[in-house]
Amino acid sequence: MEVVWGRLLMDTFQESTFRDRPSTFAKDGKRIWLFPQLPKGKLYNIRRIIAWTLLIFFYLAPFLKFRGEPLIFLNFLERKFVLFGNTFYPQDFHLLVLAVIALIVFIVLFTVIYGRIFCGWICPQTVFLEFLYRPIEHLIDGNPKNQKKLAEQEMDFLKAIKRVLKHGIYLIISFFTILTFITYVTGTAKGGQILHEWPMQRFGILMGVMAFTAIHYFVFAWFREQVCTMVCPYGRLQGVMLDENTIQVAYDYKRGEPRGKGENSLKGDCINCFKCVEVCPAGIDIRNGTQLECINCTACIDACNSVMKKIRNPSGLIRLASEKSISEGKSIRFNGRVIAYSLVLLVLLSVITYLFTIRGDVEITINRSPGTMFQEYGTDRYSNLYNLQMVNKTNSETDIELKLLSPEGEIILMGDPLKTAKGEVANRDFLIVLKKEQVVRSNIHLEIGVLEKGKQIEKISTTFVGPNALDK
Ligand code: SF4
Ligand code: SF4
């Protein structure tokens, strides 16, 4: 895709700056540090609102409660997961598998249609880097020109102060980010207890936190945009997911070329001001076509629109468009691949919605106790021993009863009543007793009703084993 469009542009452009290496690699393989401008414009303002909503949500979600539970609680140790007030247990694993499949299909479908908008607008890597770490850098080191000057100059007192301040703040943010991650897994109560016992009683956890803090700090203080080109598998998959109809950040080379300043009527709309390059956090020139590094952050759209406004040209020289819409001037089309993905996604979403709606608050499994056969119960009856496992997925205590719906018989519960606290998994044994004359076969089909406050919430089928009719 990049090659095809690249060739098209090569024919069109008077000058070309195509690379054979990532934008952050110099010819000798050394790292090229990027010092992008902070963008200004409508799209950036919307991105900032989205990013800060996501950041606030991330830092507060483990502490907020909904229906008596944390908003998000991923308790791997107890295999209990709380999402927006709904508690999930290993018994709901099929829902998780379907949700993950739906998410993957959704991401592929979304990418085919809208390109890498996720990367530039929602991805945690971009949100943390562009809306938390980068603005701090601008605050302490100044604008990109000053940042570059500071990076290149010898260490002096002012530079040392700035470096300590910036990296100190980065470390504090990384540390609290990792603590928040841990709170998602431990819950606030346990997390508070761990913090209270630090450092010696929880030396292992302390080491883990330090290691992850160091990784987080390394990614955002040093490795930065290289995650998107060298580490992220989603970024690397773009080449197979994008096609000529995909909507992405694109430069209208038909309108912009030949680029350059001046009154020459043969010139295109691009005045070659490089504002679009200066704001690019990936260090690329979008006028060279779609590139591996582009995260579709739309910063170049904002930059170019402000230039177009100043020179009184229509905005949209760089805009969200498909390659086809620019090269042929046609409107965006939905191809067969998009329709097929949409149908698969629709089916998956319908199945998941259905499974969520039929997912009961109390999950009950009844099995005949392994290795047991029928027993005589008094002189005229037989009994079978059963085991009941009950998972209370609600946020309150449940109190259920069992009733033998067919055939007529008796259920004798062994032990405590069938009460379970919220989130509790309970096991109980019980007997089912049938009259001998009812046990006409060695295997009798049973229907057991599960009642909560007198209302039947579930019907469970099982079998009753009796002596072979011929043996009686
Ligand atoms: S080319 Fe534009 S959209 Fe792509 S990363 Fe750079 S600024 Fe963002
Ligand atoms: S900001 Fe617009 S006018 Fe300036 S170089 Fe980029 S595309 Fe050309």
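Here, each number is a calculation from the coordinates, and none is a lab measurement. Note that the structure is predicted; figures quoted are calculated from it, not measured. Here Cβ is always computed from backbone atoms with ideal geometry, including for glycine, and neighbour counts include all displayed protein chains.
Under the combined filter of DSSP loop state and at most 12 neighbouring Cβ atoms within 10 Å, the range 220-283 retains these trypsin sites (Lys or Arg not before Pro): LYS261. In this structure, the residue pairs whose Cα-Cα separation is over 29 Å, taken from LYS30/LYS149; LYS145/LYS330; LYS148/LYS310; LYS166/LYS310, are LYS145/LYS330; LYS166/LYS310. Within the same chain, lysines fewer than 8 places from LYS65 are excluded, and of the rest, those with a Cα less than 18 Å from its Cα are LYS80, LYS190, LYS393, LYS422. Sparse packing (at most 10 other Cβ atoms within 10 Å of the Cβ) combined with a DSSP loop state is found for the following GluC sites (Glu not before Pro) in the range 148-254: GLU154.
Centre-to-centre, using Cα atoms only, the range 84-141 and the range 192-240 are separated by 17 Å.
Overall dimensions of the range 329-407, expressed as equivalent-ellipsoid semi-axes from the Cα gyration tensor (√(5λ), whole Å, largest first), are 52, 17, 10.
Report the calculated FRET efficiency for THR357 and LYS455 (r = Cβ-Cβ distance, R0 = 22 Å), to the nearest 0.05. FRET efficiency, THR357 to LYS455: 0.75. Computed over the range 275-337, relative contact order equals 23 percent, with contacts defined as Cα pairs under 8 Å that lie 6+ residues apart.
Under 17 Å of direct C-alpha separation, and excluding same-chain neighbours fewer than eight residues apart, LYS435 reaches these aspartates and glutamates: GLU376, ASP380, GLU408, GLU410, GLU447, ASP471. On full extension, the segment bounded by LYS65 and SER342 gains 96.2 nm, given 0.36 nm per residue less the C-alpha separation. When each of ARG312, ARG79 is scored by the number of other beta-carbon atoms lying within 10 Å, the sequence from fewest to most is ARG312, ARG79.
A simple spin-label model places pseudo-atoms 7 Å from Cα toward Cβ; at LEU171 and GLU244 they are separated by 5.5 nm. Kirkwood hydrodynamic radius of the range 143-202, from the reciprocal of the average inverse Cα-Cα distance over all distinct pairs: 14.3 Å. With N as its number of residues, the range 197-356 has a Cα radius of gyration that, divided by 2.2 N^0.38 Å, comes to 1.47.
For the chain, the residue among LEU129, LEU431, THR420 whose Cα projects farthest onto the positive side of the dipole built from Cβ charges is LEU129.
With neighbours defined as other Cβ atoms within 10 Å of a residue's Cβ, the residues THR180, THR87 order from fewest to most as THR180, THR87.
Computed from label points 7 Å out along Cα-Cβ, the spacing between ASN443 and HIS138 is 7.2 nm.
Shown here is the pair-distance distribution of the range 187-273: with all Cα-Cα distances grouped in 5 Å bins from zero up to the longest one, the shares run 3, 10, 10, 10, 8, 10, 12, 9, 7, 6, 5, 5, 4, 3, 1, 0 percent. Take the Cα coordinates of the chain, assign each an equal point scatterer, and use the Debye formula without solvent to give log10 I(q)/I(0) at q = 0.06 Å⁻¹. The Debye formula, applied to the Cα set alone, gives -0.46. The dipole here belongs to the chain: it is taken about the Cα centre, uses +1 on the Cβ of Lys and Arg and -1 on the Cβ of Asp and Glu, and is about 1760 debye. Computing Rg and the Kirkwood Rh from the Cα coordinates of the range 362-471 gives a ratio, Rg/Rh, of 1.00.
If you wrap the range 39-168 in the convex hull of its Cα atoms and look at it from every side, the mean projected area works out to 12.0 nm². Our summary gives the chain a relative contact order of 16 percent, counting only alpha carbon pairs under 8 angstrom and 6 or more residues apart.
Only helices enter the 222 nm calculation for the chain: every DSSP H run of n ≥ 4 contributes -39,500 (n - 2.57), and dividing by all residues gives -13000 deg cm²/dmol, rounded to 500. Across all directions, the shadow cast by the convex hull of the range 107-247 built on its C-alpha atoms averages 11.8 square nanometres.
Going from the residue with the fewest nearby Cβ atoms within 10 Å to the one with the most, LEU237, LEU74 rank LEU237, LEU74. Taking the Cα centre of the range 67-186 as reference, the dipole from Cβ charges on Lys and Arg (+1) and Asp and Glu (-1) amounts to some 240 debye. The stretch between VAL465 and ASP20, if pulled fully straight at 0.36 nm per residue, gains 152.8 nm over its current Cα-Cα span.
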